[in-house]
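Novice: Take a look at this one; I'll ask things after.
The values are calculated or read from the model by the stated rules, or taken from the named source; none is laboratory data. Computed from a predicted model, the values in this text were never measured in an experiment. Neighbour counts are summed over all protein chains in view; Cβ atoms, including those assigned to glycine, are modelled from backbone coordinates with ideal geometry. These area figures cover heavy atoms from the full protein model, side chains too; ligands, DNA and RNA do not enter into them. Shrake-Rupley method; radii C 1.70, N 1.55, O 1.52, S 1.80 Å.
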Amino acid sequence: MSVFARHRRGPRRLAHLAATALVAGVLPVALPVALPVALASPGAGGDVPHLDPAALARGDNPGVVYLVRNTIRDGDLRVPATERGQHDAIWVVDGGYLLRDLDVGRPGWTKVTYVSRTGERRPVARTHAWIDVQVSPTGRTVATQVMFPVGIATRLDVSRARSGRLVAHRHLEHAQLAAVTDTKVLIGRRARWHDPATVWWNFERGSWRRVYDEAAIGADVRNDRVVFDNNPAGEFCTRVAILSRPGRTLWRTCRIYPHQWSPDGTRAIATCSYFDAAGTARWWVIDGRTAARQAKVAGRLDWDAVWEDDQHFLTAAQSDAGKSAIVRCDIDGNCERASPIWDVPVPPDPSLYYASPPAVLARP
């Protein structure tokens, strides 16, 4: 998700100097999970109280792949993850998983590792910089972008997930990886906020095609959506459009960012365009075509959230007393707990706001 770190900082993203863009969903990994009756409701009228995971009814475990401490949980399957590092993100790919870790022993170092379903490991990327990752809708193709600290030069690699075979490589400037398919990469480009553009790079043919005269910072290929940076001064305003018809605007906003569309595209989960803390204070369920707000969940919340199915999404939450868990919320804002409770002290620095539990949800 998280998906727009240039707009904020997160506990696992302090080295992130550019936006990590949205990407279309990967292979489905579980059946939808039905919510029990006993749920915490946001209630009618007024602001929504802070979510307290310890006060929620216990529901089923997450219906997506997730990682707890150093173990990947995929239904009944348990797979050892990478050994060293702070797990930042996990993706389901062809034949296994991708893990991104921050090296706790070497500040500023990031690594991406492929882990097969039988536990074999293969390094994908490792560098003293941030590594952005995008996965194609099929899960067969992976694009990684090394974001060098100066924020200008980047290195873009495209490989096949299962074999690790490198199929394309580019050095670019002023570029943001927005999405990848099995044949091409969507890239947003701008130079000091001048001459912005979005292009498709067909890496199989070695060709480039200009999509629109705005820079994409996120896209959902499966649902035909793209998010453009809409402010030449570099603030937090975006324009959401149809990817295949980029001139057709669905909505503009400077307040919320559509983090991820539901599998059927009818809704999206969104959070603040800017909230300068380790976590976020709000997740909204919005209409996927109009951005009309339909529900709100408030509290000490993780910057990442994922759709479990068309009716439910998952995120991590922490109470004001430091009780943390993965929570499941429905499209009306009713929530339950989807994991054990972990005691995670609330950061003493109020500006940090949130500390994540030892669990990471798989991104699409």
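Novice: For the stretch 332-341, just list the computed ³J(HN,Hα) in residue order, Karplus coefficients 6.51, -1.76 and 1.60, θ = phi - 60°, integers in Hz, with x standing in for Gly and Pro.
Specialist: 9, x, 7, 10, 9, 8, 10, 7, x, 9
Novice: For the stretch 158-202, what D do you get in µm² per second when you plug the Kirkwood radius from alpha-carbon pairs into Stokes-Einstein at 37 °C and 0.692 mPa s?
Specialist: Approximately 283 µm²/s, per Stokes-Einstein.
Novice: Tell me, what ³J(HN,Hα) does each residue in the stretch 180-185 have, in order and in whole Hz, if you take phi through Karplus 6.51 cos²θ - 1.76 cosθ + 1.60 with θ = phi - 60° and put x for Gly and Pro?
Specialist: Running phi through 6.51 cos²θ - 1.76 cosθ + 1.60 with θ = phi - 60° gives 9, 10, 6, 10, 8, 10 Hz.
Novice: In terms of modelled amide H atoms, which long-range or inter-chain residues lie less than 5 Å from the amide H of I217?
Specialist: Close amide H contacts, sequence-distant or interchain: V227, F228, D229.
Novice: Counting only protein heavy atoms, what percent of the accessible surface of the stretch 162-232 is carbon or sulfur at a 1.4 Å probe?
Specialist: Values: 1550 of 3470 Å².
Here carbon and sulfur together make up 45 percent of the probe-accessible area.
Novice: Taking the alpha-carbon centroid of each part, what is the distance from the stretch 161-195 to the stretch 121-151 in angstrom?
Specialist: 10
Novice: Enter the Cα centre distance for the pair the stretch 199-258 and the stretch 270-298, rounded to the nearest angstrom.
Specialist: Comparing the Cα centres of the stretch 199-258 and the stretch 270-298, I get a distance of 19 Å.
Novice: If you don't mind, another one. Compute the FRET efficiency between A191 and V104 as 1/(1 + (r/R0)^6), taking r as their Cβ-Cβ distance and R0 = 30 Å, and round to the nearest 0.05.
Specialist: Rounded to the nearest 0.05, the efficiency is 0.30.
Novice: Also, quick follow-up: K296: which lysines have alpha carbons under 23 Å from its alpha carbon, excluding same-chain residues fewer than 8 sequence positions away?
Specialist: K323
Novice: What's the long-distance tail for the stretch 195-268, i.e. % of Cα pairs beyond 15 Å?
Specialist: Here the tail beyond 15 Å accounts for 55 percent of pairs.
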